[in-house]
Structure formats: C-alpha cells, structure tokens
1. Jot down the per residue volume, in cubic angstrom and as a whole number, of the convex hull over the alpha-carbon atoms of the range 51-106.
2. Give the order of Ile66, Ile32 when sorted by the count of other beta carbons within 10 angstrom, beginning with the fewest.
3. May I ask which of Lys45/Lys98; Lys4/Lys55; Lys4/Lys71; Lys55/Lys76; Lys55/Lys93 have a Cα-Cα span longer than 18 Å here?
4. How big is the C-alpha Rg of the range 3-101 next to the rule-of-thumb value 2.2 N^0.38 Å, as a ratio?
5. Given the Cα-Cα distance of Val22 and Gln37 and 0.36 nm per residue of separation, how much length would full extension add, in nm?
Amino acid sequence: MNLKELGLELGLEQDEIRELLVIFIETSESDIDKLQQAVVEGDAKRAADAVHSIKGASANLGFMDIFSVAKNLEQKARENSLEDLTDEVLIIKDRLSKIEKSIDDI
C-alpha cells in the first residue's frame, strides 16, 4: 500500500501518518519480542496475545499482508502449536522494515 494514500484515506496530515507508522512499527517490534519470549517459555496464551495486537493494528492500517501472517501465527498459538514460527515472524519483521524505510517518502 502506498503510505501517502494511507494517510489520505485516514484523513491524516503527513506528519501525523509518519508518527502513527513509527508507533505501529515500535509497538509491533515490541510485540514480536513478547511473542518470541513467550515461545521460548512455552506460553501459548501470551504468544497469541502478542500476535493478536499486531494482527489488529495491521488490519486497522490496511497492511493486509502483515494481518494475514499475524492471523496465522495467532491461530497456531491458540492451538498451542509454538513450533516453526520463525519464517512467519521473519516475514512480519521484513514488512515492518520496508514500511520503516518508506516513511521518509511520505
């Protein structure tokens, strides 16, 4: 999604959308850390809660690629299946990195 268009769709000024995206990235990175720690500790509920936050925020902002991956991760965690989550976490991290790099283009 074009980040300038996202700002327009949300009715935000350029500086507001930049700030919102920075908060989204920081919060998502924190949630990924919580997810990874929960996986290490075998805490499926905490893992599901962490990725649920990413899922909701990404959906609200229209980042449906992140939403889709987070939804899959949440389902796995709710099913207490905490193995083999690395690839999906890397996809989210990669997408967050791309969004971060695009913020200056707004």
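Rule-based calculations on the coordinates, nothing more; no lab input. Keep in mind the model is a prediction, meaning the values are calculated, not measured. A quick note on method: Cβ atoms are made from the backbone with ideal geometry, for glycine too, and the neighbour counts reach across all protein chains shown.
1. Details: hull volume 3.6 nm³, N = 56.
Taking only Cα atoms, the range 51-106 has a hull volume of 63 Å³ per residue.
2. Values: Ile66 23, Ile32 20.
Least to most surrounded, the residues fall as Ile32, Ile66.
3. Lys45/Lys98; Lys4/Lys55; Lys4/Lys71
4. Ratio of Rg to 2.2 N^0.38 Å for the range 3-101: 1.09.
5. Working: separation 15, 0.36 × 15 = 5.40 nm, distance 2.27 nm.
Roughly 3.1 nm would be gained on extension.
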